[in-house]
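A short worksheet on the structure shown next.
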Amino acid sequence: GAAIGIVGGGQLGRMLASAAARLGFRTLVLDPDPTCPAAQLANELIRGAYDSREGLAELGRRTSVVTYEFENVPVEPLRALSRTCPVFPPVEALEVAQDRVVEKAFLNGIGIATAPWRAVDDAAELAHAHLDLGTDTILKTRRLGYDGKGQATIRRDALTDGAFESLGAVPAILEGRVPFEREISVIAARSRSGEVVAFDPAENRHGAGILRRSTVPATISAPVRAAAVETAGRILDRLGYVGVIGVEFFVADGERLLVNEIAPRVHNSGHWTEAACCVSQFEQHIRAVAGLPLGSGTRHSDCVMENLIGDEVRRAAALLAEPDVMLTLYGKAEARPGRKMGHWTRLLPLSRA
Ligand code: ATP
Ligand code: MG
Ligand code: MG
């Protein structure tokens, strides 16, 4: 049968490999760590760095399409591969999502609102931008941040010396801190033929920068829900996207939507789809990149998904005893603090289709 290459062997790669297997595909995963979560479920692990030219070339030779589960894959080796083998989502989309300044400029350029922001490349620019924004702000590295790493909040009247250096003195973005009421996300997919399907928005709660809980449906009005889904669709179209994307939003003043960031991959706030939808985000992504028709995105239940972080994984046995709970563990041996070990979804009666 056909084979799919996946760059990155974390839990997202593991769940993609599982969905691919259900549709009859073989999977080859590229990861440097032979004990990575995807290694247990992929047909083959190709050992190598995510940007290893030999590793990527082998994926390209032995599979009919290559995708990735991880947004910090170096772009150039992947671009080189894309000349000989289909790579989805397109490398141009990955490039936009990897740099918070490029990402926000792209969004604003297609008429999508974000937090106010300034690019800051040194301490003097930071001081100027902080004054200019005039609110509490959040300083973030332009690249490589995830789970709230590489970020620092700066109070309106409390910019101190060393703030720029505290993030490693690397190119950064300063964002106005949005006094949001809630955070939501839309997980959506675009097929090779340009069809777009979205799941219902989830409402997300974070703790210490890490996603803790996603609730579906989100507590938002029908117009806000429709606007969020429309915005995700516009992003997909403008990127010529193929695959699943996660679009994170702030909802302020009841109805104002600002995009926080986009993730060019399956997304933690879409894990509930494996329990509450006929076709999960993982299967949807495999369908999209493999050129198959997309699933419907319809939900058969309301639900709440929670991550098991660090030693919370001890709750696993108790969760298994609960009815209407679907538990997924990532097969990680060591429960380090802040490490995502698994998640669970509680199904609830459908309130609204
Ligand atoms: P992820 O793991 O989602 O990729 P990340 O490290 O890229 O996370 P962000 O999504 O930018 O980080 O920020 C993490 C969280 O911090 C957000 O979900 C939100 O709760 C808060 N946050 C980030 N930027 C802002 C902002 N401009 N105003 C208010 N809160 C913010
Ligand atoms: Mg992010
Ligand atoms: Mg985020």
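Coordinate-derived values only; no laboratory data. All of these numbers come straight from a predicted model, not from anything done at the bench. As a convention, Cβ positions derive from the backbone with ideal geometry for all residues, glycine included, and neighbour counts pool all protein chains shown.
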Only helical DSSP H runs with n ≥ 4 go in: add -39500 (n - 2.57) per run for the chain, normalise by residue count and round the 222 nm mean residue ellipticity to 500 deg cm²/dmol. -8000 deg cm²/dmol
Please state the charge dipole magnitude for the chain, taken about the Cα centre, from unit charges on C-beta atoms (+1 on K and R, -1 on D and E), reported in debye and rounded to the nearest 20. 800 debye
Which of the lysines could be linked to K140 by a straight reach, that is with a Cα gap under 19 Å, when you skip same-chain ones fewer than 8 residues away? K104, K149
Alpha carbon centre of the range 306-353 versus the range 184-218: separation in Å? 18 Å
Would you work out which of S193, I210, L308 lies farthest towards the positive end of the dipole of the chain, given +1 charges on the beta-carbon of Lys and Arg and -1 on that of Asp and Glu, about the Cα centre? S193
What is the gain in length, in nm to one decimal, between R314 and L329 on full extension, counting 0.36 nm per residue of separation less the C-alpha to C-alpha distance? 4.3 nm
Using the number of other C-beta atoms within 10 angstrom as an exposure proxy, rank R314, R287 with the fewest first. R314, R287
State whether the range 204-295 is rounded, prolate or oblate according to the following rule on the C-alpha gyration tensor (a ≥ b ≥ c being the square roots of its eigenvalues): a/c under 1.5 gives rounded; otherwise a/b larger than b/c gives prolate, and the remaining case gives oblate. prolate
Applied in sequence order to the range 30-37, the curve 6.51 cos²θ - 1.76 cosθ + 1.60 (Karplus, θ = phi - 60°) yields integer Hz couplings, x standing for Gly and Pro, of 9, 7, x, 9, x, 9, 5, x
Given an 8 Å cut-off on Cα distances and at least 6 residues of separation, report the relative contact order of the chain as a percent. 14 percent
Based on other C-beta atoms within 10 Å, arrange D157, D311, D99 from fewest to most. D157, D311, D99
Sticking with the crude label model, points 7 Å out along Cα→Cβ, report the distance from I110 to V170 in nm, one decimal please. 2.6 nm
Ranked on Cβ counts within 10 Å of their own Cβ, fewest leading, W117, W272 go W117, W272
Listed by chain and number, the residues whose amide H is under 5 Å from that of L350, excluding neighbours fewer than 5 places away on the same chain and using placed H, are D302
So what are the ³J(HN,Hα) numbers for the range 43-53, from phi and the Karplus equation (6.51, -1.76, 1.60; θ = phi - 60°), rounded to whole Hz, Gly and Pro as x? 6, 8, 9, 9, 7, x, 5, 4, 9, 5, 4
Extension gain from D253 to V102, taking 0.36 nm per residue of separation minus the Cα-Cα distance: 51.7 nm
Charged-residue dipole, Cβ positions (Lys, Arg, Asp, Glu), the range 3-87 about Cα centre, Debye nearest 20: 320 debye
Per residue of the range 211-228, in order, report the coupling 6.51 cos²θ - 1.76 cosθ + 1.60 (Karplus, θ = phi - 60°) as ³J(HN,Hα) in whole Hz, putting x for Gly and Pro. 4, 9, 8, 10, 10, 10, x, 6, 7, 9, 6, 4, x, 5, 4, 5, 5, 5
